[in-house]
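The values are calculated or read from the model by the stated rules, or taken from the named source; none is laboratory data. All of these numbers come straight from a predicted model, not from anything done at the bench. Glycine gets a Cβ as well: all are built from the backbone with ideal geometry, and neighbour counts include every protein chain shown. When the accessible area is computed, the model is the full protein with side chains, heavy atoms only, and any ligands, DNA or RNA have been set aside. Shrake-Rupley method; radii C 1.70, N 1.55, O 1.52, S 1.80 Å.
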Amino acid sequence: SVDGDVAQLKRFVQQVGLPYAVIAESELAEPLTSRYRVRGIPVTYIIGRDGRIAARFVGASDLVGVVRRILERPAGTGG
């Protein structure tokens, strides 16, 4: 997330009960927007257990469903 108010972001994540981690870019040494060449917002990258991009989409989508499907994949299949 590129939200400036990290405390508010954390409250939102807890309140909504998201089943995945949300990374606050402001808490990182290297901005993720630079690392992944983000050109617009909203954009979502799902990073698999192997550290590779498992999914990428721009705009609204069934984010929870996508994450659940990726987590259900057997290890070594891009998830």
- Item | Enumeration of residues in segment 27-62 that are surrounded by 13 or more Cβ atoms within 10 Å (Cβ to Cβ), of a type in the set (A, V, I, L, M, F, W, C) and either under 15 Å from Ser1 (Cα atoms) or touching a Phe, Trp or Tyr at 6+ places or on another chain (Cβ under 6 Å) (or both) | Leu32, Val38, Val43, Ile46, Ile47, Phe57
- Message: The conditions are (1) at pLDDT 80 or above; (2) in a helix (DSSP H, G or I); (3) of a type in the set (A, V, I, L, M, F, W, C), and Val67 fails exactly one of them. Which is it?
- Response: (1)
- Looking at Arg11, is it among the basic types (Lys, Arg), at pLDDT 80 or above and touching a Ser or Thr at 6+ places or on another chain (Cβ under 8 Å)? no
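Mind listing just one residue for me: the one in segment 3-26 that is assigned to a loop (DSSP other than H, G, I, E, B) and more than 16 Å from Leu71 (Cα to Cα) and, of those, least open to solvent (accessible area, probe 1.4 Å)?
This residue is Ala24.
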